[in-house]
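Engineer: Below is one structure. I have some questions about it.
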Amino acid sequence: MRKPRALRRGAVLGIAAPGGPVNREQLEAGETLLCEAGFDVYRRDDLLACDGYTAGDDARRAAELMELVNNPDIGGIICARGGYGCDRILPLLDAGAFREAAKPLVGYSDVTALLLWQRRCAGLMGFHGPMLDRGEDLAGTAFEHLIRQLTGEGSLPLTLRGRALVDGRATGRIVGGSLTLLAASIGSPWELDTRAAILLIEDVGERPYRIDRMLQQLRAAGKFDGLAAVGVGKFENCVDERYPQPDVGTVIENALRPLGIPIVSDLPFGHVKLNYAWPMGGRATIDGTRGELQLLERGVR
């Protein structure tokens, strides 16, 4: 596993749209916040392209990402938004170029597929963290936390606090992201690898029975075997008016508690304002008694 190079203050951040179409106002507001934080930004003129539910066709989105990877003036890459389409362009990307460039890549939601691909196919760590479509994520403590992660500043460990669910303490490498994309990765070259890992999960807008189905799919695929611990982020707007019970919290607890491993819930990451970044592939400890996730390793070098 290779780490990307740390960003310096004043570096150029390349903006990518590997998935869904981008809203101009949200994009510009996010760019303004990055500039106010001391970074320059670069994006292609066609970033605002729209082809149905994707930000232009597959060739455009893949070419954009590879341009940002290969451009020596770009220090890191932050995704404008998630939205469906990231998995469509993965066969068009050059894993060797990603590994050689070793640039920090930031995103979440459907960008989970890109982060999984980068870890499995390029052997390169990335960051599950805020994007430009939610400007509120790029303000306050969560944004400061992201900048420290990208620049390698601050001391370790970095602690994210949630709610204790199952007692115990375990250390492993972090993998995870959107539960929907984790389940969809099974059978692909970028399939989720959970061996001796800490699994972090979150999602948005999925009914509890769908969350249950995806967790059962991970179980059937052996992804709970040898798992060290689980950290549960925010499952935002995951409700079902027709079948209000069991709620999403109960579904998750019923699926995971029998594993007998440390579990912490309500961690501050996901489709919410306090979306704290964490390095995909970095070492961490889950303390199920204290309700904490401790990030032990920097995601940059």
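Engineer: So for the chain, averaging the separation of alpha carbon pairs under 8 Å that are six or more residues apart and normalising by length, what relative contact order in percent results?
Structural biologist: Numbers: 755 pairs, mean separation 64.4, N = 301.
Worked out over the chain, it gives 21 percent.
Engineer: Using θ = phi - 60° and the Karplus curve 6.51 cos²θ - 1.76 cosθ + 1.60, what whole-Hz ³J(HN,Hα) does each residue of the range 151-168 get, with Gly and Pro shown as x?
Structural biologist: Whole-Hz 3J(HN,Hα) from phi for the range 151-168: 8, x, 7, x, 9, 10, x, 9, 10, 9, 9, x, 10, 5, 10, 10, 4, x.
Engineer: Need one number: nm distance between label points at Gln216 and Ser155, each 7 Å from Cα along Cα→Cβ, rounded to one decimal.
Structural biologist: The answer from the label model is 4.8 nm.
Engineer: If packing is taken as the mean number of other Cβ atoms within 10 Å per residue, what is the order of 187-194, 11-18, 206-213, 266-273, highest first?
Structural biologist: The densest-packed peptide leads the list: 11-18, 266-273, 206-213, 187-194.
Engineer: Stretch Arg88-Gln245 to full length: gain in nm at 0.36 nm per residue minus the Cα-Cα span?
Structural biologist: Values: separation 157, 0.36 × 157 = 56.52 nm, distance 3.50 nm.
Stretched out fully, the Arg88 to Gln245 stretch lengthens by 53.0 nm.
Engineer: Something else now. Can you list residues whose amide H is under 5 Å from Leu158's amide H, if they're 5+ apart or on another chain and H is modeled 1.01 Å from N?
Structural biologist: So Leu158 has HN proximity to Leu295.
Engineer: May I ask you to derive the FRET efficiency for Ala102 and Tyr42 from their Cβ-Cβ distance with R0 = 25 Å, giving the value to the nearest 0.05?
Structural biologist: Details: r = 18 Å, r/R0 = 0.72.
Result of the calculation: an efficiency of 0.85.
Engineer: Between Tyr209 and Cys50, with labels modelled 7 Å along Cα→Cβ, what's the label distance in nm to one decimal, could you check?
Structural biologist: Each label point is offset 7 Å from its Cα along the Cβ direction, giving 3.3 nm.
Engineer: For the pair Asn254 and Asn70, how long in nm is the line joining their label points, each one 7 Å along Cα→Cβ?
Structural biologist: Reported label-point gap for Asn254 and Asn70 is 5.2 nm.
Engineer: Which of the listed residues, Gly168, Gln217, His128, is farthest toward the dipole's positive end in the range 128-266, when Lys, Arg count +1 and Asp, Glu count -1 at the beta-carbon?
Structural biologist: Gly168
Engineer: Okay, next question. Applying a 10 Å radius around every beta-carbon, put 274-284, 90-100 in order of their mean neighbour count, most first. Numbers along the way, then the final one.
Structural biologist: Numbers: 274-284: 23.5, 90-100: 16.0.
Going by the mean number of other Cβ atoms within 10 Å, highest first, we get 274-284, 90-100.
Engineer: What is the distance in Å between the Cα centroid of the range 1-61 and that of the range 163-188?
Structural biologist: Taking the Cα centre of the range 163-188 as reference, the centre of the range 1-61 is 27 Å away.
Engineer: In addition: Against the longest alpha carbon principal axis of the chain, how many degrees, from 0 to 90 and to the nearest 10, is the axis of helix 112-122 turned?
Structural biologist: With both axes taken from Cα atoms, the answer is about 80 degrees.
Engineer: Pairs of alpha-carbon atoms within less than 8 angstrom and 6+ residues apart define the contacts here; what relative contact order does the range 12-151 have, in percent? Could you put the intermediate results ahead of the total?
Structural biologist: On the way: 259 pairs, mean separation 39.8, N = 140.
Relative contact order here is 28 percent.
Engineer: Return the lysines within reach of Lys273: Cα separation strictly under 20 angstrom, same-chain partners fewer than 8 residues apart disregarded; answer none if there are no such residues.
Structural biologist: Lys234
Engineer: Give me the extension gain from Asp225 to Asp193: residue separation times 0.36 nm, minus the current Cα-Cα distance, reported in nm with one decimal. Walk me through the intermediate numbers first.
Structural biologist: On the way: separation 32, 0.36 × 32 = 11.52 nm, distance 1.06 nm.
Contour length minus the Cα-Cα distance gives 10.5 nm.
Engineer: I would also like to ask the following. Rounded to the nearest 20 Debye, what is the dipole magnitude of the chain about its Cα centre when Lys and Arg each give +1 and Asp and Glu each give -1 at the C-beta? Mind dumping the intermediate values first?
Structural biologist: On the way: 36 positive and 39 negative charges, 221 e Å.
The dipole magnitude comes to about 1060 debye.
Engineer: Order of 33-39, 237-243, 55-61 by packing, highest average Cβ count within 10 Å first?
Structural biologist: Ranking, from highest mean packing down: 55-61, 33-39, 237-243.
Engineer: Can you give me the C-alpha center-to-center distance between the range 201-235 and the range 64-78, rounded to a whole angstrom?
Structural biologist: The distance from the Cα centre of the range 201-235 to that of the range 64-78 comes to 32 Å.
Bear in mind these aren't lab numbers, they're just calculated from the coordinates by the rules spelled out. What you see is a predicted model; the values in this text were computed from it and never measured. Note: ideal-geometry Cβ built from the backbone for every residue, glycine included; neighbour counts use all protein chains shown.
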